[in-house]
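Nothing in this text is a laboratory measurement; each read-out follows from the coordinates by a stated rule. Worth saying up front: this structure is predicted, and the values here are computed from it rather than measured. Neighbour counts run over all protein chains shown; Cβ positions are idealised from the backbone, glycine included.
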Amino acid sequence: MVLFDLEDITDVATAQEAADGLVVEAIDASEATRRKRQKVRSCTSKIKRLVKLCRVKMATDKAYGGPIKTVKRSFEMLEEERGEMDVNLFGI
């Protein structure tokens, strides 16, 4: 589980470090067997918060696009997992 405060992300290096941690957390959430829905929701929320922060900071520094690219595929993977969980729920 990656814990970070948005206030702690002051430069591109810390944003990239948080993004790398979120990629690992997204993989763990997608492969979870217990509380999968909760883990996917939590990780998705963290990714959205980081992306919003990076987009705001991209106005002054274009290097903040790197962390966004890092977590983009992870976000898509989590959305696919959420869709599969919904299909499995209605298939019962």
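May I ask you to compute the full-extension gain from residue 32 to residue 1, defined as 0.36 nm times their residue separation minus their alpha-carbon distance, rounded to one decimal in nm? Don't skip to the end; give the middle numbers.
Values: separation 31, 0.36 × 31 = 11.16 nm, distance 1.26 nm.
That works out to 9.9 nm of additional length.
Report relative contact order for the chain in percent, whole number only (criteria: Cα-Cα under 8 Å, sequence separation at least 6).
RCO, the chain: 34 percent.
Excluding residues fewer than 8 places away in the same chain, name every one of the aspartates and glutamates whose C-alpha is closer than 14 Å to that of residue 62.
Those aspartates and glutamates meeting the cut-off are 11.
So for each of 57-70, 40-53, 1-14 I average, over its residues, the number of other beta carbons within 10 Å; can you give me the resulting order with the highest mean first?
Sorting 57-70, 40-53, 1-14 by mean packing, highest first, produces 40-53, 57-70, 1-14.
Could you give the nm distance between label points at residue 73 and residue 52, where each point is 7 Å from its Cα heading toward the beta carbon?
2.6
What is the dipole size for segment 11-90, taken about its Cα centre, with +1 at each Lys and Arg Cβ and -1 at each Asp and Glu Cβ, in debye to the nearest 20?
360
Which pairs, out of 36/57; 39/69; 39/72, put more than 26 Å between their alpha-carbon atoms?
Pairs exceeding the cut-off: 36/57.
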